[in-house]
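First the structure, in the form of C-alpha cells, and then the observations on it.
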Amino acid sequence: MMQGIHKTEDFNSTINSNHPVIVKFEADWCPDCKAMDMWIDPIVEKYNNYSWYVVDRDELEDVTTENDVMGIPSILIFQNGEKLAHLHSANAKSPEQVESFLDENLNK
C-alpha cells in the first residue's frame, strides 16, 4: 500500500529514512499514471519490505522541481535524504521496466 505525502516537510522527513524509500510521482490528469495503477500493486506487494509513497506533482511542485521530475509517472528511490535512483516516465511503461529498475537499485 502506498502512503500519500501532501506536505513538503513530510516529504523531507520521509526521505531521511535510513532505509531506501520508494516514491511514485503522479497526477490525477495523467493517463500513463492511471495505466501504471492497473499493474503496480503486485510489484508493491513483491517489494513490500520497502516503504512506498506517492506524491501528486501538482500538490508538491517544489519537491517535483527539486528532484528533476519532468514526466510522470516517475519512481524515485531515496535514502538518508538523497536521491539514489530515478526511473523516468519514458522508461516506466511496463511492470518489467519498473521491476528491473527496482532490482538494480535496491539491495534485496
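The values are calculated or read from the model by the stated rules, or taken from the named source; none is laboratory data. Since the model is a prediction, treat every value here as computed from it, not as a measurement. Because the Cβ atoms are built from the backbone with ideal geometry, glycine has one as well, and the counts that use them run over all protein chains shown. SASA here: full protein model, heavy atoms, side chains in, ligands and nucleic acids out. Shrake-Rupley method; radii C 1.70, N 1.55, O 1.52, S 1.80 Å.
Worth a mention:
- Tally of residues being part of a loop (DSSP other than H, G, I, E, B) and in contact with a Ser or Thr (Cβ under 8 Å, 6 or more places away or on another chain) across the range 41-57: 1
- Residue match in the range 69-84 (condition: among the small types (G, A, S), crowded, with 18+ Cβ neighbours inside 10 Å and outside any loop (DSSP other than H, G, I, E, B)): yes
- Some residue of the range 29-40 being open to solvent by 60 Å² or more (accessible area, probe 1.4 Å), modelled with pLDDT of 95 or more and in a loop (DSSP other than H, G, I, E, B): yes
- No other residue among K24, K7 is under 14 Å from D56 (Cβ atoms) and open to solvent by 40 Å² or more (accessible area, probe 1.4 Å) apart from K7.
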